[in-house]
């Protein structure tokens, strides 16, 4: 595979822009982490509400609703977790000045993210049209399942758009070998949606 | 030859889960000594990714989430 090198901007010198970047990088990182913590609190609130309602009912799933398809969800989970691994290697290759492999891993991450969303759409279609489980018409089960997985799916959709924008920016030379905080933030966000899915997959499909 | 879709899905989940677990464990090992706040968070995320991949593989193998059919 042909290996191209990264675009280099004015990173070598200590001009005003680079100094500004160095001064604000830690603040930007803290801002991104605080955003992820706030998102974590949002998901935690819904997860605890779901677990509370689930445990206060009589049996789970409620009568008339069958268990979710674990086999298909396992495959979809592996697709999302795989995208976390490819995203990690995309950033690593960027750090090591290997644009060709960065592009390959970044595109693989985007494709796997879209694959996960397609899998979720397929699962929603099956649930709604075959099992007749809906958000409003299936009690706590439908409401909590579609709210939490829908919220997560929305995050993944935003993440895919975010990664596409990051990729286009990196192609157009917005980031350099030394200045790539956007890619770091994108990787953090993508890992976050992966980790949230570990919890959602466990509580909806495995317990 | 007819292959049960569930068997195919479970096979993919097991193999994929093991591959992702190995890759994330290797990435975690490679990054273990990297300094910086962002790298500490990455390590935490990679650890959780490893656990998630193992959980998905175990679910594919019917070890987790194996519930009896409703009557």
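The values are calculated or read from the model by the stated rules, or taken from the named source; none is laboratory data. These figures come from a predicted structure and were not determined experimentally. FYI the Cβ positions are ideal-geometry reconstructions off the backbone, even for glycines, and counts take in every protein chain you see.
Restrict the check to the range B:43-66 and report whether at least one residue is closer than 23 Å to residue A:188 by Cβ, facing chain A (nearest Cβ under 9 Å) and exposed (fewer than 15 other Cβ atoms within 10 Å of the Cβ). Within the range B:43-66, one or more residues are closer than 23 Å to residue A:188 by Cβ, facing chain A (nearest Cβ under 9 Å) and exposed (fewer than 15 other Cβ atoms within 10 Å of the Cβ).
Being at pLDDT 95 or above, surrounded by 17 or more Cβ atoms within 10 Å (Cβ to Cβ), within 14 Å of chain B (Cβ to nearest Cβ) and assigned to a helix (DSSP H, G or I) holds for only one residue in A:153, A:159, and it is A:159.
Listed residues A:47, A:128; which is touching a residue at least 24 places away in the same chain (Cβ under 8 Å), surrounded by 14 or more Cβ atoms within 10 Å (Cβ to Cβ), more than 10 Å from chain B (Cβ to nearest Cβ) and not in a loop (DSSP other than H, G, I, E, B)? Outline the logic, then answer.
Values: A:128 fails: touching a residue at least 24 places away in the same chain (Cβ under 8 Å).
Just a single option satisfies the conditions, and that option is A:47.
Please work out if residue B:37 is over 10 Å from the mean Cα position of the chain (by Cα), surrounded by fewer than 16 Cβ atoms within 10 Å (Cβ to Cβ) and either facing chain A (nearest Cβ under 7 Å) or at pLDDT 95 or above (or both). Answer is yes for this residue.
Please verify whether the range A:71-94 includes one or more residues that are at pLDDT below 95 and surrounded by fewer than 18 Cβ atoms within 10 Å (Cβ to Cβ). Within the range A:71-94 (the criterion being at pLDDT below 95 and surrounded by fewer than 18 Cβ atoms within 10 Å (Cβ to Cβ)), the answer is no, since none of the residues qualifies.
Is at least one residue of the range A:16-31 surrounded by 18 or more Cβ atoms within 10 Å (Cβ to Cβ) and either within 12 Å of another protein chain (Cβ to nearest Cβ) or at pLDDT below 90 (or both)?
yes
Quick one: in the range A:58-105, of everything that is under 26 Å from residue A:168 (Cα atoms) and assigned to a loop (DSSP other than H, G, I, E, B), which residue is nearest to the other protein chains (Cβ to nearest Cβ)?
Our first condition is that a residue be under 26 Å from residue A:168 (Cα atoms); within the range A:58-105, this holds for A:79-105.
Okay, now just the ones that are also assigned to a loop (DSSP other than H, G, I, E, B), so A:96-98.
Working: A:96: 11, A:97: 17, A:98: 15 Å.
Here the answer is A:96.
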